[in-house]
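Note sheet for the following structure.
The values are calculated or read from the model by the stated rules, or taken from the named source; none is laboratory data. Predicted model only: the values in this text are computed from it and were never measured. So basically every Cβ, Gly included, is an ideal-geometry build from the backbone, and we count neighbours across all protein chains shown. Remember, those area values only see protein heavy atoms, side chains included, never the ligands or the DNA or RNA. Shrake-Rupley method; radii C 1.70, N 1.55, O 1.52, S 1.80 Å.
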Amino acid sequence: MLASRAVSLVTKRALSTSVCTRAYGGVAKVEDYSLSAYYDRKDEPLTAVDFVGHLSGEQMSLKEKEKSSWVSLSGDEKLMLYRIRFHHSFAEMNKPSNEWKTVVGGVLFMLGFTGLIVFWQRLFVYGDVPHTFSDEWKAQQTKRMLDMRMNPVEGIASKWDYENNKWKK
């Protein structure tokens, strides 16, 4: 019985929209997803929506004043009207950012971290170099290949002079 009561409370609460719209005693901000989002792009300068979605009282009076002659508007009011419609100007969009410093710093950090991992692996993970990499072993192996006359047509034996015991020129 207690479980059925808990389930009924949970389902009622989950389906209730009044709980979702009231957040901490106020009304939660509900986005209108039927409109496209605002974005600043150089290739498409005129967006479908304004930057400021909900106008304050001062902004609404300025929008009413906009409908009359623009000669009566001051420079600050024109700028305020521009900022209602757009977030950045072309000069602000073209202004170089310092993001490249973050990218270069991140790349250098990752390279340094990778270098530490490789250094640690060389010390603690990899074993000693095999004896077959030594110059003595390579010389013995070459001598053995020559004694067996390996690849006498085009290989190593074709480049060895067996009469004079030296490499052909």
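General observations
- Karplus (6.51, -1.76, 1.60) ³J(HN,Hα), θ = phi - 60°, over segment 110-120, in Hz, Gly and Pro reported as x: 5, 5, x, 5, 5, x, 5, 5, 5, 4, 5
- The residues of segment 23-103 have, on average, 82 Å² of accessible surface per residue, using a 1.4 Å probe with all protein chains present.
- Taking 0.36 nm per residue of separation and subtracting the Cα-Cα distance, full extension of the segment from T102 to A48 would add 16.2 nm.
- Residue-level accessible surface for L116, protein heavy atoms, 1.4 Å, Å²: 110
- Gain on full extension, evaluated as 0.36 nm per residue between D128 and K168 minus their Cα-Cα distance, stands at 10.8 nm.
- Cut-off under 5 Å, modelled amide H: who pairs with W160 long-range: K168
- Legend: residues H88, H131, sorted from most to least accessible area (1.4 Å probe; ligands, DNA and RNA excluded), read H131, H88.
- The distance between label points at S89 and V118 comes to 4.9 nm (points 7 Å beyond Cα on the Cα→Cβ vector).
- Chain lengthening between M148 and D40 when straightened (0.36 nm per residue, less Cα-Cα): 31.3 nm
- Farthest toward positive dipole pole in segment 26-104 [+1 Lys/Arg, -1 Asp/Glu at C-beta], among M93, G53, A37: M93
- Karplus-based coupling profile of segment 133-141, in residue order and whole Hz: 8, 6, 5, 4, 5, 4, 5, 5, 5, with θ = phi - 60° in 6.51 cos²θ - 1.76 cosθ + 1.60 and x standing for Gly or Pro.
- Three-way shape call for segment 78-169 based on the alpha-carbon gyration tensor, with the a/c threshold at 1.5: prolate
- Spacing of the two label points (7 Å from each Cα toward its C-beta) at Q59 and D76, in nm: 1.8
- Surface composition of segment 108-164: carbon plus sulfur atoms contribute 63% of the solvent-accessible area (1.4 Å probe, protein chains only, all chains present).
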